[in-house]
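Just below is one structure, and these are the notes that go with it.
Values quoted throughout were computed directly from the atomic coordinates according to the rules given, and no laboratory measurement underlies them. A quick note: this is a predicted structure, and the numbers were derived from the prediction, not measured. Backbone-built Cβ (ideal geometry, glycine too); neighbour counts: all protein chains shown.
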Amino acid sequence: MSKSKRFFNLLLILIYAIHLNVYSQTSNLDSSNGKALAIEKIYENSTIDGYNLFIPSNYDGNKKMPLIMFLQGSLGVGGKISKIFSWALPNLVLSNTDNELNNHLNNFIYVMPHLKSGQFYNNENALRSIINEVSNKYNIDEKRIYLTGLSRGGYGTWGLASKMTDVFAAIAPICGGSSGIETYDALLDYPIWTSHNTGDQKVRYEFTEKIIRILEEKGRTFQRTDNLSMVNYKSNDRIFVSTPNDSHDAWTDFYKNKDFYKWLLRFEKG
């Protein structure tokens, strides 16, 4: 066999090995709150190149645990998969020191897909695969899988929820828009808690307002408020918080709100 042919065959073997999607795990972000893993993986016909996983310190493999899937904003696109742990909800679960808040955060396992380019709502098959992989490895309560995301991840939350109605028990899109929504009718049965600052200069507030208006016209009722502290999470399945603020950041206070996690646990699929 010629050298060139041997090289070509080795190249084919290497490409095949890459597509076997063998895990590469990093756990150097562990904290007293739990175990953090960065998993590199290629998914066919996808712009997802891996995901982060956070397992709280109180995880007991003999007991089913709910799962929150978090979708990053544009700041996290590309680069190292583990850098998602430096901000928003991933950073909160990793480094929060408020014991009372941790009591609520620790009720969930967290999976955070990493987007190298494009949009989450165009990666349905990869995200289904990630959920299956995590469920096969950990004792996930498949009736309590929740979806949330911010900015680009907010778009992704709306869009994927419209395509994956068989998966998520409740959704929480933050400062996103409607680009990925396949059909509004698919969103009608979801518990939804959404938030958008009215003066947002990066993703217009009107994008979320339009989605809520359409759902209301289709018969769904939302508690509308301009303050997180006014939310009645026990009585409302659908909540829209419109904070009078010019910042794009509608997520920091949202994810620090203990009632959000209590609200999620009210819902299970089916």
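With label points built 7 Å along Cα→Cβ from the Cα atoms of SER178 and GLU217, find their separation and express it in nm. Placing both labels 7 Å beyond Cα along the Cβ direction yields 0.7 nm. Residues of the stretch 237-254 with an amide N closer than 11 Å to a point placed 7 Å from the Cα of THR198 along the Cα-to-Cβ direction: 242-246. In the chain, helices alone account for a calculated mean residue ellipticity at 222 nm of -9000 deg cm²/dmol, with every DSSP H run of four or more residues adding -39,500 (n - 2.57).
Percent of Cα-Cα pairs more than 21 Å apart in the stretch 94-236, please. The answer is 47 percent, as a whole percent.
Taking a sphere under 14 Å around the Cβ of VAL111 and counting the other residues whose Cβ falls inside, with K and R at +1 and D and E at -1, yields a net charge of +2.
Only aspartates and glutamates eight or more places from LYS269 in sequence, or on another chain, were considered; those with a Cα closer than 15 Å are ASP141, GLU142, ASP166, ASP189, ASP237. The distance linking the stretch 71-128 with the stretch 164-190 is 18 Å (Cα centroid to Cα centroid, whole angstrom).
Provide the net charge surrounding ASP141, with neighbours chosen by a C-beta distance below 13 Å and charges set as Lys +1, Arg +1, Asp -1, Glu -1. Charge balance near ASP141 sits at +2.
For the chain, modelled as a GNM whose springs connect Cα atoms under 10 angstrom apart, the maximal fluctuation among ASN106, ASN45, ASN236 occurs at ASN45. Which pairs in the list LYS35/LYS83; LYS202/LYS256; LYS202/LYS258; LYS234/LYS262; LYS35/LYS63; LYS83/LYS258 are over 19 Å apart, alpha-carbon to alpha-carbon? Result: LYS202/LYS256; LYS202/LYS258; LYS83/LYS258 exceed 19 Å. In straight-distance terms, cross-link reach from LYS218 covers every one of the lysines whose alpha-carbon lies under 16 Å from its own, apart from those fewer than eight places away in the same chain; here that gives LYS210. Note on the chain: with a GNM built from Cα contacts shorter than 10 Å, the maximum mean-square fluctuation among ALA126, ALA161, ALA186 falls on ALA186.
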